[in-house]
1. Among the residues in region B:139-152, are any more than 9 Å from chain A (Cβ to nearest Cβ), open to solvent by 40 Å² or more (accessible area, probe 1.4 Å), assigned to a strand (DSSP E or B) and free of Cβ contacts under 8 Å to residues at least 12 places away in the same chain?
2. Give just the number: which of (1) open to solvent by 40 Å² or more (accessible area, probe 1.4 Å); (2) outside any strand (DSSP E or B); (3) farther than 24 Å from residue A:152 by Cα does residue B:71 not satisfy?
3. Among the residues of region B:83-95, are any of a type in the set (Phe, Trp, Tyr) and over 23 Å from residue B:155 (Cα atoms)?
4. Would you mind telling me which numbered condition in (1) open to solvent by 60 Å² or more (accessible area, probe 1.4 Å); (2) within 21 Å of the chain's Cα centre (by Cα); (3) in contact (Cβ under 8 Å) with a residue 40 or more places away in the chain; (4) not assigned by TED's automatic domain parsing to the domain that holds residue B:19 residue B:132 fails?
5. Taking residue B:101 as the residue in question, decide whether it is free of Cβ contacts under 8 Å to residues at least 60 places away in the same chain and part of a strand (DSSP E or B).
6. Only one of (1) modelled with pLDDT of 90 or more; (2) among the charged types (D, E, K, R); (3) surrounded by fewer than 14 Cβ atoms within 10 Å (Cβ to Cβ) fails for residue B:78. Which number is that?
7. Which residues, counting only those in region B:91-113, are within 20 Å of residue A:150 (Cα to Cα) and at the interface with another protein chain (Cβ under 10 Å from one of its Cβ atoms)?
There are 2 protein chains.
Amino acid sequence: MKHIILALVENRPGVLARMAGLFSARGFNIDSLTVGETEDPTISRMTIVVRGDDRTLEQVKKQLNKLIDTISVKDFVKKEFIDRELMLFKVNVDDKTKDKVKNIIEKSKDKIVKISKDYIIVEAVGDENHIKTLLSNLEKYGITHVTRTGRIAMAVE
Amino acid sequence: MKHIILALVENRPGVLARMAGLFSARGFNIDSLTVGETEDPTISRMTIVVRGDDRTLEQVKKQLNKLIDTISVKDFVKKEFIDRELMLFKVNVDDKTKDKVKNIIEKSKDKIVKISKDYIIVEAVGDENHIKTLLSNLEKYGITHVTRTGRIAMAVE
């Protein structure tokens, strides 16, 4: 049976990818997934057309409710959850600053992907605070080519 | 063939919806689409992983370039680039399997976020092969709650 699900979600980068990833990982048969603005620019409405029986639909709705971007954030506030974001970026370095920058990255337990003469490519993963702290520690050296995934979250009962 | 397209776009309301609409209307086979902030808050970086022949890809790039929000489009199939994806998931465990599962995660240098009686929460980061290998090694124990960000990429000259 075909169902249409409407969900209100925060209008944040990565929402669409997270939704799509969630559905494809579960093997749900999605006919279409659309995200559109609402009268409030901070909120988007998702329309999901999905095939399946009532049990499948219950699963879909449960999964939607688990995502951090859904407006039912109140459900999440009560539960314990973890959130993570992945980020790639370059930090400018020269002979004088290279060791200092490497030190900051190693201390925060993030990953150095490549070191070249002029820059270091960093792979950083963490929650909002972790990412913020790392960026503010490296800001003064010059950060470029920032590429972020947006956050994903998981409830931890 | 699989391509990674990086596009810089204006961070305006509705950009994602327009992009998503463009791809779904043309029936392009999108593996993942991720939008994230850059160091400039007015600009977002989109990473699109798409399958198709060269003609299809040319169409995608033309369509992207036509959009008013698009600043630049780069195709990374031939160039050197690094790509990464972040994933959270649970693996089912019991007293018999717990050590085996921990071993697999440690060997692949991914992160254990939480260990409970029945499951382990894993934070995995890597390129396509890394993620695939890890998942296939853990599959038989039972994987649930998969949440992926979609891939991001960066050119490495």
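1. no
2. (2)
3. yes
4. Just one mismatch for residue B:132, condition (3).
5. Details: free of Cβ contacts under 8 Å to residues at least 60 places away in the same chain: yes; part of a strand (DSSP E or B): no.
No; evaluated as a whole, the condition is false for this residue.
6. Every listed condition holds for residue B:78 apart from (1).
7. B:111, B:113
Residue by residue, here is whether (1) assigned to a helix (DSSP H, G or I); (2) more than 22 Å from the chain's Cα centre (by Cα); (3) modelled with pLDDT of 75 or more; (4) crowded, with 17+ Cβ neighbours inside 10 Å holds:
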site	(1), (2), (3), (4)
A:6	no, no, no, no
A:20	yes, no, no, yes
A:23	yes, no, no, yes
A:31	no, yes, no, no
A:39	no, yes, no, no
A:87	no, no, yes, yes
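The values are calculated or read from the model by the stated rules, or taken from the named source; none is laboratory data. Keep in mind the model is a prediction, meaning the values are calculated, not measured. FYI the Cβ positions are ideal-geometry reconstructions off the backbone, even for glycines, and counts take in every protein chain you see. What goes into the accessible areas is simple: the full protein's heavy atoms, side chains included, and nothing from ligands, DNA or RNA. Shrake-Rupley method; radii C 1.70, N 1.55, O 1.52, S 1.80 Å.
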